[in-house]
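Heads up: the structure comes next, in structure tokens.
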Amino acid sequence: ALGADGKPAWKVQTPYSKIYGNPMFDKGLVYLFGQYYANDHAGENDTPYVQNAQPPYFIITAYDASTGEVRWKRQTQPGNRMSAPLVASGVIYFIEETELKTPSPADSNSVQNKTAVTLHAFDVSANKDVWTLPSASYLANLGGPRFIDGDTLLIAEGIGSSEVRFRG
């Protein structure tokens with residue numbers, strides 16, 4: 001972050017191997033979104049490939065705009081996905097895709113894999129969801145919520161779909 005004099009005010013080492021999109025600023029916090037994957041830079045500058053590396057995971061981090069101190073962080077389990085966030089008035093909107101493993105009713109020695117996709121409106125200062133909206137679509141692929149105006153949130157409903165969902 002740059003100070004008023006144009007010189008760096010603070011610098012942080014992020015947990016990301018790739019940062020997506022531009023930083024967002026809201027209520028004194030700077031938000032970053034990205035992923036960590038051990039092999040994101042394999043082959044660059046003699047960086048080795050890691051055999052059997054964990055699948056990538058996604059991270060949203062909020063830093064204090066004055067100090068660079070981490071104020072909030074959310075990350076997925078390896079292999080799960082998260083959309084780019086939208087931040088407005090202290091609430092962060094994002095879509096999280098989580099793999100759920102449940103015992104199989106047909107065979108007690110195996111598990112069933114299901115995917116839960118949830119749109120979150122998360123109050124960062126209270127550290128809790130304001131509301132959640134389950135979805136059957138793979139919204140995490142789409143980059144997340146697009147914009148918010150007052151109490152209306154716009155998201156696309158599916159890849160190549162003409163459907164749009166408004167949450168009001």
Out of the residues in region 1-16 that are modelled with pLDDT of 85 or more and either among the β-branched types (V, I, T) or more than 28 Å from Y37 (Cα to Cα) (or both), state the one that is most open to solvent (accessible area, probe 1.4 Å). V12
Have a look at I59, I95, I19 and point out the one that is without any contact (Cβ under 8 Å) to a residue 60 or more places away in the chain and open to solvent by less than 80 Å² (accessible area, probe 1.4 Å). I59
Any residue at all in region 41-61 that is within 23 Å of S125 (Cα to Cα) and among the small types (G, A, S)? no
Being in a loop (DSSP other than H, G, I, E, B), under 17 Å from F33 (Cα atoms) and in contact (Cβ under 8 Å) with a residue 12 or more places away in the chain is the filter here, so list the residues in region 62-72 that pass it. A65, G68
For region 1-57 the number of residues that are in a strand (DSSP E or B), within 21 Å of Q75 (Cα to Cα) and in contact with a Leu (Cβ under 7 Å, 6 or more places away or on another chain) is 2
Taking G68 and the conditions (1) crowded, with 19+ Cβ neighbours inside 10 Å; (2) farther than 21 Å from V130 by Cβ, which numbered condition does it fall short on, given that it satisfies the others? (1)
V117 vs. criteria open to solvent by less than 30 Å² (accessible area, probe 1.4 Å), closer than 14 Å to L29 by Cα and free of Cβ contacts under 8 Å to residues at least 40 places away in the same chain: no
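The values are calculated or read from the model by the stated rules, or taken from the named source; none is laboratory data. Please read all numbers here as calculations on a predicted model, not as lab measurements. Ideal geometry is used to build each Cβ from the backbone, glycine not excepted, and the neighbour counts take in all protein chains shown. All accessible areas refer to the heavy atoms of the entire protein, side chains included, with ligands and DNA or RNA removed. Shrake-Rupley method; radii C 1.70, N 1.55, O 1.52, S 1.80 Å.
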